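What follows is a set of notes on a single structure, which appears directly below.
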């Protein structure tokens, strides 16, 4: 199976195969690999440790765990927010989310994670399209208090 076919199958399995629709599959595969490498680099810079295996391998080896991360490549999400998604999928706890928006003027998103031995890590964005990630957090109440826990993929409707 060719490299681009592997990526196409992975994205289809993650319910985002449309990423390859109407585009050159080789070019799309290279873009995905480049963007995954950007997340690897950002993680190394922010956390101080390289991802092992690199995400370009991990998404195949740990598909069920990383499916929500794969889906972020179907939208123009920033590298920093994709790295945040990886950390949550890797067990980090969402400790704080700050979101500010002023019509036609300003947008600020800040997500703070407690990430085990790495402590508190802050991820920031001013890109309006990154707000999409908020839809994927698990939001609930425990004893009447708010809890945001986990990051979840969207499933295709089958009805």
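All of the numbers you see were taken from the coordinates with simple rules; none came from a lab. Computed from a predicted structure; not experimentally measured. Note: ideal-geometry Cβ built from the backbone for every residue, glycine included; neighbour counts use all protein chains shown.
Exposure proxy for 155, 124: other Cβ atoms within 10 Å of each Cβ, ordered fewest to most, give 155, 124.
Divide the volume of the convex hull of the Cα atoms of the chain by its number of residues and quote the answer in cubic angstrom per residue. Walk me through the numbers before you get to the answer.
Details: hull volume 24.8 nm³, N = 159.
Cα convex hull per residue, to the nearest whole number: 156 Å³.
Note on 115, 101, 152, 43: ascending count of other Cβ atoms within 10 Å places them as 101, 152, 115, 43, the fewest first.
For segment 1-133, what does the relative contact order come out to in percent, with C-alpha contacts under 8 Å and a separation of six or more? Please list the in-between numbers first.
Values: 158 pairs, mean separation 23.0, N = 133.
Taking the mean separation of contacting Cα pairs over the length of segment 1-133, I get 17 percent.
Please report 2, 153, 143 as a ranked list, fewest other C-beta atoms within 10 angstrom at the top and most at the bottom.
Numbers: 2 10, 153 17, 143 5.
With the sparsest Cβ surroundings first, the list reads 143, 2, 153.
Where does the chain land at 222 nm, in deg cm²/dmol rounded to the nearest 500, when only DSSP H runs of n ≥ 4 count, each adding -39500 (n - 2.57), divided by all residues?
Values: 5 runs with 62 residues, N = 159.
So the helix-based figure for the chain works out to -12000 deg cm²/dmol.
Compared with the dominant Cα axis of the chain, that is its longest principal axis, helix 63-72 is turned about 80°. Angle check, please: helix 25-47 long axis (alpha carbons) against the longest principal axis of the chain (alpha carbons), in degrees 0 to 90, nearest 10. Value to nearest ten degrees: 30. Any idea what angle helix 3-13 forms with the longest principal axis of the chain, computed on alpha-carbon atoms, 0 to 90 degrees, nearest 10? The answer is roughly 50 degrees. The packing ranking, built from the mean of other Cβ atoms within 10 Å per residue, places the peptides 60-72, 79-91 in the order 79-91, 60-72, highest first.
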